[in-house]
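Following: one structure in structure tokens, then a few remarks.
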Amino acid sequence: MATQHSRAAARLMMAPAVILLLGWMLVPLILTLYFSFKRYLPLRGDSLGKGLDWVGFQNYARFVTSSSFWPSIQVTLIIVGGVLVVTVLLGTLLAVLLDQPMWGTGIVRILVISPFFVMPTVSGLVWKNMFMDSTNGLFAHLWRAFGAAPVDWVSQQSLFSIILIVSWEWLPFATLILLTAIQSLDSEQLEAAEMDGAPALKRFWFIVIPHLSRAITIVILIQTIFLLSIFAEIYVTTAGAFGTKTLTYLIFQRVLESQNVGLGSAGGVYAIILANIVAIFLMRIVGKNLDA
Amino acid sequence: MGRITLDKVTKKFGEVEVIPPLDLTIEDGEFVVFVGPSGCGKSTLLRLIAGLEDVSSGHIQIDGRDATEVPPAKRGLAMVFQSYALYPHMSVRKNIAFPLRMAGLSKDEQDKRVSGAAEVLNLTAYLDRRPGQLSGGQRQRVAIGRAIVREPAAFLFDEPLSNLDAALRVGMRLEISELHKRLETTMIYVTHDQVEAMTMADKIVVLRAGNIEQVGSPLELYQSPRNTFVAGFIGSPRMNLIEGAEAAKHDATTIGIRPEHIAISPTEGTWQGKVGVSEHLGSDTFFHVTGTGLADAITVRAGGEVSLRYGDTIYLTPEEGKLHRFDAKGLRI
Ligand SMILES: Nc1ncnc2c1ncn2[C@@H]1O[C@H](COP(=O)(O)OP(=O)(O)OP(=O)(O)O)[C@@H](O)[C@H]1O
Ligand SMILES: [Mg+2]
């Protein structure tokens, strides 16, 4: 569509942004790679000024052979997968509901969006202390009201709790994108399907869901990128205990708690590889929706 | 199979009454065209028949059974939408088969009917494409295909040709007319294009603001419009409507004369005027004659080659017996 000339102009105008973004990405990436091959323990007196020892792939080997590595990958995938399932399913449901004409739609929509404005640290703390606390939490009161023994969510159902909190944060995003997608569905298509003899559920399955597939793809891709690096919600609730140590959290512990920058950097490189594997995997499954 | 009766049907959107009480009978196998200006309620009426809108009061009967409360799918009608409303993620084959699939027909039966419809509509080569990969006319045919496989009691068309270019429109018009001749199924067709109405219909229903102004065959409407609205709406170009002293001479409030019923002459005639804008269509030439003192401009038809130019004096003579007379209420006398 574009002519040679306009394409060249477009490249020129995009160049500053591309260069900035590249710098933004490349500098940390190169530093991470650099540190990952060095012995860098600030508490033992290593510093950039004195020069760092080259240790080859020792950091990489130590990171994967640590007993925390594979569990952390597993936990990461469980949390990401769990949140994706919850947000996409509930998001679709909510989007369908919000699309119905009803009283007070405006207010309901704002309410639905609002969790998105709460900072992860805050929402983690609020959930932990107001809802999930085993003595004063709302859930504890609710359980007691039904005569059940209160659950200490954060320690006994730790993974479930974190998935719940993170899903709550990301549900608005999924709902919003899916809602706009639903609203762009031509109502005549639904009417045509109705006349073709499709009852409501079949219309949803054969018309609405295929129409939403592209939006769902986008929700999944974007959320995955952000979910792979969730941190604050874990930090303020379980602090990595009770089997909630994700890869991101493990790297944090290596760098800041053990003060081993080299080891943490090697972990960072693994995280990049994991993210890419997940991304390729997702693109394979859902990416074909994007070029349809 | 396909007799539709509307009995005092009304439709209100909130406080606004879009369709005032309306009675209409559509006979089995008829090709009925609803025609009228934009916003007059044609689509609403069609959607009421389809069941996509609920009537506010009144009854709809299909084949003698009361269908007022029957859901759209159970009325046995098929609709072709203005936007075609094809399912974009399904192939043409799946689109056409969709109603059959919903009806739970066997795979073999589905295939048989789909290929039958595809053959009739020249779609066989496109069965595996998506709607997005088809031209407007082909999409239109897919939409019709999806309607005919169900073998409905009646077809409902809502301005199906309005998105097509002029040449294609003429072609599709013929195809739909042929389809009607072959299937002999009731068809209800909505349009605001009176040429489509005149060429396709067995029976035309002229609507204005939800009211039926006249029902009749195209020729009836052309020859004896019941009022000034129908007179002005049917026929192309429009009938000339003249009020005042000239009308009073014929004992009417308004008289009407069609452009094709006026004889022209450069030297003598009943009315005198000046040639204004002229439209040359090759076979015909239409002159807009100004300064007659009768109306702002009188349109007249002349043969293809006429040597009158802008500003020339022209004399007009209405053909005997072709004059339409209307009273103060606009009704035909
Ligand atoms: N859902 C609705 N709510 C309120 N008013 C409506 C609704 N649908 C239609 N109307 C009104 O009803 C009237 C008739 O609409 P309709 O769509 O039947 O017109 P139409 O004859 O099909 O016009 P067109 O030739 O432009 O398609 C219009 O004045 C329109 O504003
Ligand atoms: Mg309409």
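The values are calculated or read from the model by the stated rules, or taken from the named source; none is laboratory data. Since the structure is predicted, the reported quantities are computational estimates derived from the model, not experimental observations. As a convention, Cβ positions derive from the backbone with ideal geometry for all residues, glycine included, and neighbour counts pool all protein chains shown.
Checked against the criterion of being within 16 Å of ligand 2 (Cβ to nearest atom) and either under 30 Å from B:Val92 (Cβ atoms) or modelled with pLDDT of 90 or more (or both), the candidates B:Glu159, B:Glu220, B:Glu178 yield just one match: B:Glu159. Every condition in (1) farther than 27 Å from B:Val33 by Cβ; (2) in contact with a helix residue (DSSP H, G or I) (Cβ under 8 Å, 6 or more places away or on another chain); (3) assigned to a helix (DSSP H, G or I) holds for B:Tyr87 except the one numbered (3). Within segment B:32-51, being more than 6 Å from ligand 1 (Cβ to nearest atom), surrounded by fewer than 21 Cβ atoms within 10 Å (Cβ to Cβ) and within 13 Å of the chain's Cα centre (by Cα) holds for one residue alone: B:Pro37. Taken as a whole, the condition of being in the same structural domain as B:Gly36 (by TED's automatic domain parsing) and free of Cβ contacts under 8 Å to residues at least 24 places away in the same chain does not apply to B:Asp158.
Return the only residue of B:Leu308, B:Leu221 being touching a residue at least 12 places away in the same chain (Cβ under 8 Å), surrounded by 15 or more Cβ atoms within 10 Å (Cβ to Cβ), among the aliphatic types (A, V, I, L, M) and within 23 Å of B:Cys40 (Cβ to Cβ). Within the list B:Leu308, B:Leu221, the selection yields B:Leu221.
Does B:Ala166 fit the bill of being more than 14 Å from every other protein chain (Cβ to nearest Cβ), farther than 30 Å from B:Gln138 by Cα, more than 16 Å from ligand 1 (Cβ to nearest atom) and out of contact with any Pro (no Cβ under 9 Å at 6 or more places or on another chain)? No: the conditions fail for B:Ala166. Name every residue in segment A:191-226 that is within 10 Å of chain B (Cβ to nearest Cβ), surrounded by 19 or more Cβ atoms within 10 Å (Cβ to Cβ), among the hydrophobic types (A, V, I, L, M, F, W, C) and assigned to a helix (DSSP H, G or I), in order of residue number. Within segment A:191-226, A:Ala192, A:Ala193, A:Met195, A:Phe206, A:Ile207 qualify. Picking from residues in segment B:72-124 that are on the phi > 0 side of the Ramachandran plot and in contact (Cβ under 8 Å) with a residue 40 or more places away in the chain, the one that is farthest from the chain's Cα centre (by Cα) is B:Gly76. Within segment B:65-83, track down each residue that is out of contact with any Lys or Arg (no Cβ under 6 Å at 6 or more places or on another chain), in a loop (DSSP other than H, G, I, E, B) and either within 14 Å of chain A (Cβ to nearest Cβ) or within 16 Å of ligand 2 (Cβ to nearest atom) (or both). Those that are out of contact with any Lys or Arg (no Cβ under 6 Å at 6 or more places or on another chain), in a loop (DSSP other than H, G, I, E, B) and either within 14 Å of chain A (Cβ to nearest Cβ) or within 16 Å of ligand 2 (Cβ to nearest atom) (or both): B:Val70, B:Pro71, B:Gly76, B:Phe81, B:Gln82, B:Ser83.
Here is a list: A:Ser134, A:Ser123, A:Ser158. Which entry is buried (at least 17 other Cβ atoms within 10 Å of the Cβ), in contact with a helix residue (DSSP H, G or I) (Cβ under 7 Å, 6 or more places away or on another chain) and away from chain B (no Cβ under 14 Å)? After applying the criteria, what remains is A:Ser123.
Looking at segment B:29-46, can you tell me whether even one residue there is within 9 Å of chain A (Cβ to nearest Cβ) and more than 14 Å from ligand 2 (Cβ to nearest atom)? No; the residues of segment B:29-46 include none that is within 9 Å of chain A (Cβ to nearest Cβ) and more than 14 Å from ligand 2 (Cβ to nearest atom). Of the set (1) within 16 Å of ligand 1 (Cβ to nearest atom); (2) within 23 Å of B:Leu183 (Cα to Cα); (3) touching a Lys or Arg at 6+ places or on another chain (Cβ under 8 Å), all apply to B:Phe98 but (1).
Is it fair to say B:Ile62 is among the β-branched types (Val, Ile, Thr), touching a strand residue (DSSP E or B) at 6+ places or on another chain (Cβ under 6 Å), away from ligand 2 (no atom under 16 Å from the Cβ) and modelled with pLDDT of 90 or more? Yes; evaluated as a whole, the condition is true for this residue.
With the requirement that a residue be within 16 Å of ligand 1 (Cβ to nearest atom) and crowded, with 20+ Cβ neighbours inside 10 Å, what does segment B:73-89 give you? B:Met79, B:Val80, B:Phe81, B:Tyr84, B:Ala85, listed by residue number.
All told, B:Leu183 meets the bar of being under 20 Å from A:Asp196 (Cα atoms) and surrounded by fewer than 21 Cβ atoms within 10 Å (Cβ to Cβ).
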